[in-house]
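Reading through the structure tokens given below for one structure.
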Amino acid sequence: MKTLKTIKTVKGPISPDQLGFCDLHEHLWKSGGMEVFKDADFGIENIEKSRAELERYRQAGGRGIVDMQPIGVGRGINQLKEIADGVDVHLIAVTGFHREAMYDKAHFVYKYSLDQIVELVVAEVEKGIEVNDYCGPFVEHSGILPGVVKAGTGYYKISPLEEKLLKVAGKVSAKTGIPVMTHTQIGTMGLEQVEILKAQGVPAEKICIGHLDRNADLTYHRMVLREGVYVQYDCVARVKYHPVSDTMELIRELSKEGYADRIMIGGDWGRASYLKSYGGSPGLEFIPRQLPGLMREYGISEEVIQRIFIDNPKEFLAF
Ligand SMILES: [Zn+2]
């Protein structure tokens, strides 16, 4: 008997049709870890404020959202559950790892073998996210299942550790069906990530290459899309990198070429100063409030808008 596919949210599995408008890359809780240690603005550590931010997202039309904080960099599964409580949004948590620069040399990722780490991550997929990110001697699975497995690489570089953790993500996905979403540094090494993940047995439709719009280059994105995988645009209004118009033009052009079924969007507003409830801007509401309208102004069809925000996330996240 074939079991029905579901999307795993912090409140439990849902049917893919329930998901709705989805932002694939956000951060609602980030406490401790290398990034926050280096720059306190990366800390997103107030449950009430994060819940208020999520509610603002809902009021703007957002229905599903992925918190992309993986193991050992400040993830908090109990806090995510509390944030989601009382807000009518499907919040999805992740397992897996970030790029090497996010881990202190004392972390277990350097010490355990590939197979050992696969075992730890599969346990999260099957029994729920470990409440202390496997950083203590006791292991306690929360029962809250991750919806995505993450892996990351550096700028034009995949270190031995990153290759190991990419293989972990690939092996866990091949074994359990969980989709893989990656971090690329400035949009580089996407093709190499695809090659490593496919070699572990991950089908193209369960791979999404993240942050590709940090390098808003049509040519490179086409090369990645030809592999059959998803590309994620998740710095859509980070003007220190590029203007929103770049993302609009990429979507318009690539959807004309038939790639609308492989593009997804995230905000990755991973600093307190980007979140309205923390006193910043433009907030999680920016994407649902502004992007569909801007896309229409660029002549992007309703069908493509629906594809990118609703159908693609629903198909990619279901397993
Ligand atoms: Zn992020």
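The values are calculated or read from the model by the stated rules, or taken from the named source; none is laboratory data. Everything numeric here is computed off the predicted structure, so don't read it as measured data. Note: ideal-geometry Cβ built from the backbone for every residue, glycine included; neighbour counts use all protein chains shown. Each accessible area value is taken on the protein alone, full model and side chains, heavy atoms only, with ligands, DNA and RNA left out. Shrake-Rupley method; radii C 1.70, N 1.55, O 1.52, S 1.80 Å.
Within the stretch 132-152, the presence of a residue that is out of contact with any Pro (no Cβ under 9 Å at 6 or more places or on another chain), closer than 30 Å to GLN18 by Cβ and part of a helix (DSSP H, G or I) is excluded.
Please count how many residues of the stretch 258-270 are without any contact (Cβ under 8 Å) to a residue 12 or more places away in the chain and open to solvent by 60 Å² or more (accessible area, probe 1.4 Å). Within the stretch 258-270, residues that are without any contact (Cβ under 8 Å) to a residue 12 or more places away in the chain and open to solvent by 60 Å² or more (accessible area, probe 1.4 Å) number 0.
For the stretch 221-236, indicate whether the set of residues that are farther than 22 Å from GLY20 by Cβ, within 17 Å of the chain's Cα centre (by Cα) and either among the hydrophobic types (A, V, I, L, M, F, W, C) or surrounded by fewer than 24 Cβ atoms within 10 Å (Cβ to Cβ) (or both) is non-empty. Within the stretch 221-236 (the criterion being farther than 22 Å from GLY20 by Cβ, within 17 Å of the chain's Cα centre (by Cα) and either among the hydrophobic types (A, V, I, L, M, F, W, C) or surrounded by fewer than 24 Cβ atoms within 10 Å (Cβ to Cβ) (or both)), the answer is yes, since at least one residue qualifies. The residues in the stretch 189-211 that are within 16 Å of the ligand (Cβ to nearest atom) and open to solvent by 50 Å² or more (accessible area, probe 1.4 Å) can be counted, and the count is 0.
Which one is least open to solvent (accessible area, probe 1.4 Å), of the residues in the stretch 86-134 that are among the charged types (D, E, K, R) and touching a residue at least 60 places away in the same chain (Cβ under 8 Å)? Restricting to residues being among the charged types (D, E, K, R) and touching a residue at least 60 places away in the same chain (Cβ under 8 Å), the top hit is ASP133. ARG214 satisfies every condition listed in (1) over 23 Å from GLU253 (Cα atoms); (2) surrounded by fewer than 24 Cβ atoms within 10 Å (Cβ to Cβ); (3) within 16 Å of the ligand (Cβ to nearest atom); (4) free of Cβ contacts under 8 Å to residues at least 60 places away in the same chain except (1).
Note on the stretch 52-75: residues that are surrounded by fewer than 23 Cβ atoms within 10 Å (Cβ to Cβ) and either more than 16 Å from the ligand (Cβ to nearest atom) or without any contact (Cβ under 8 Å) to a residue 40 or more places away in the chain (or both) total 8. Of SER255, SER273, SER245, SER277, all but one fail to be within 16 Å of the ligand (Cβ to nearest atom), part of a helix (DSSP H, G or I) and open to solvent by 10 Å² or more (accessible area, probe 1.4 Å); the exception is SER273. Among the conditions (1) away from the ligand (no atom under 16 Å from the Cβ); (2) within 26 Å of GLY258 (Cα to Cα); (3) not in a helix (DSSP H, G or I), the only one that ILE186 does not satisfy is (1).
Taking the stretch 8-34 on its own, how many of its residues are assigned to a strand (DSSP E or B) and either more than 16 Å from the ligand (Cβ to nearest atom) or under 12 Å from VAL94 (Cα atoms) (or both)? Of the residues in the stretch 8-34, 8 are assigned to a strand (DSSP E or B) and either more than 16 Å from the ligand (Cβ to nearest atom) or under 12 Å from VAL94 (Cα atoms) (or both).
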